[in-house]
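The values are calculated or read from the model by the stated rules, or taken from the named source; none is laboratory data. Because the structure is a prediction, the values reported are computed rather than measured. Backbone-built Cβ (ideal geometry, glycine too); neighbour counts: all protein chains shown.
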């Protein structure tokens, strides 16, 4: 009500509808119903109340056109100089509670967006305000007479962005209900979470937007300590969180440049972190750590032993906070997994457009795996193969992961040839490759990559299959005495 009170002090006459009018009157402020402008009562359960020339002519009339003003006078209509509108809570309705489709549709505002768009179109004469955060700023500018053309255009741009975002939510809701897949036109809307110091590099401006008021994931992360995360921090933390949340057992991952350099599962979180760190102690320095359980003191004690830029967990226990505070510059975030919301897409921008796809949520399914070698995996190998296959989908292609005793012991990521990815993973693993299993995100085009794994001591391999050289690859597995299964599904990650 402070905004309404401020406007009245500046000499504005207030008109409002429904609950807004009631709230203004309860605050002991003078206001009149919009029906005094239109000469019509609200009708159809409030569906029609502002859609009338008494409102829209007063908003749209150009003050520099005498004929417009004469038309207003001829019909006994008033000029409207400021429009402030809070739209029906459609987004809250569909995100919270168990609203039916009919209830959601009744929360689609028609008159509000129409007034906002009209005022924004005529912003040289009409002030339009759609965000409560602007109330104080606008009142101050009106009082001081500093609401110039540039400020009015900025408010108009914000108004159109606001109604556009509102419509995007409605379209997404109806699209989900209608189930029409990828539409001819699509809008993705975000709320500014925070401006960022810079992007991937210092010369790139950047900002972070969240998909709605409480989307989970990075969009719903709570800052526990440290400075605001940067562009690269957010990307790495997101990759780390998605990785560990794919595992049912306590898991810890260490990420560098969107790729894991350490990953492990164990009965206890502290053990998982220790084993993840041991995968690649050099690369772990300055990394991003994610865990899929509440972060406890024992795990925190290990994390702070080296420089770590970001730590992210579903929850940070009180017992761990004083330990983490020893690294006062370390960013610590608490974040739940991202919800499958109305804008649940994996988006990639390209010059001139953007790509849209579903997220890769395919899980390991032993029943769909087909052993193709003479020797089938042992039960322990099946366990490790499942872990390796879950991990490899989070590694940039070409991707190879070696897993042993619940931990990644070698990771080859982002290589131009698959054999080079195997070489990198084997080199990282060193002697630990003996007895490990190997996962490949796509098929082996030739036997050389598999043979390199065999020579390093790999005992079982999981890969999609589908190469024209599959017979040669299977023969190499049999020659090496190892087990190999194919999934029929790849996990490219570019």
> Name the residues in the range 40-52 that are without any contact (Cβ under 8 Å) to a residue 60 or more places away in the chain and under 18 Å from residue 116 (Cβ atoms), would you?
Replying inline: 46, 52
> Could we say that residue 104 is over 16 Å from residue 50 (Cβ atoms) and at pLDDT below 90 here?
Replying inline: no
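Per-residue answers, yes or no, for (1) closer than 22 Å to residue 117 by Cβ; (2) modelled with pLDDT of 85 or more:
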residue: 10; (1), (2): no, yes
residue: 13; (1), (2): no, yes
residue: 18; (1), (2): yes, no
residue: 27; (1), (2): no, no
residue: 30; (1), (2): no, no
residue: 38; (1), (2): yes, no
residue: 54; (1), (2): yes, no
residue: 59; (1), (2): yes, yes
residue: 69; (1), (2): yes, yes
> When the range 150-169 is examined, which residues are found to be surrounded by fewer than 15 Cβ atoms within 10 Å (Cβ to Cβ) and over 22 Å from the mean Cα position of the chain (by Cα)?
Replying inline: 150, 153, 154, 157
>> Considering only the range 4-11, I want to know if a residue exists there that is touching a strand residue (DSSP E or B) at 6+ places or on another chain (Cβ under 9 Å), touching a residue at least 12 places away in the same chain (Cβ under 8 Å) and more than 29 Å from residue 171 (Cβ to Cβ).
In response: yes
> Which of (1) more than 22 Å from residue 341 (Cβ to Cβ); (2) in contact with a strand residue (DSSP E or B) (Cβ under 8 Å, 6 or more places away or on another chain); (3) exposed (fewer than 12 other Cβ atoms within 10 Å of the Cβ) does residue 133 not meet, given it meets every other one?
Replying inline: (2)
> Tally time: how many residues in the range 97-113 are more than 13 Å from residue 130 (Cβ to Cβ) and in a helix (DSSP H, G or I)?
Replying inline: 7
> Within the range 141-156, is even one residue touching a residue at least 60 places away in the same chain (Cβ under 8 Å) and part of a helix (DSSP H, G or I)?
Replying inline: yes
> For the range 215-290, list the strands (runs of 3 or more DSSP E) that sit wholly inside it and hold at least 1 residues that are in contact with a helix residue (DSSP H, G or I) (Cβ under 9 Å, 6 or more places away or on another chain) and within 16 Å of residue 395 (Cα to Cα); which are they?
Replying inline: 251-256, 259-265
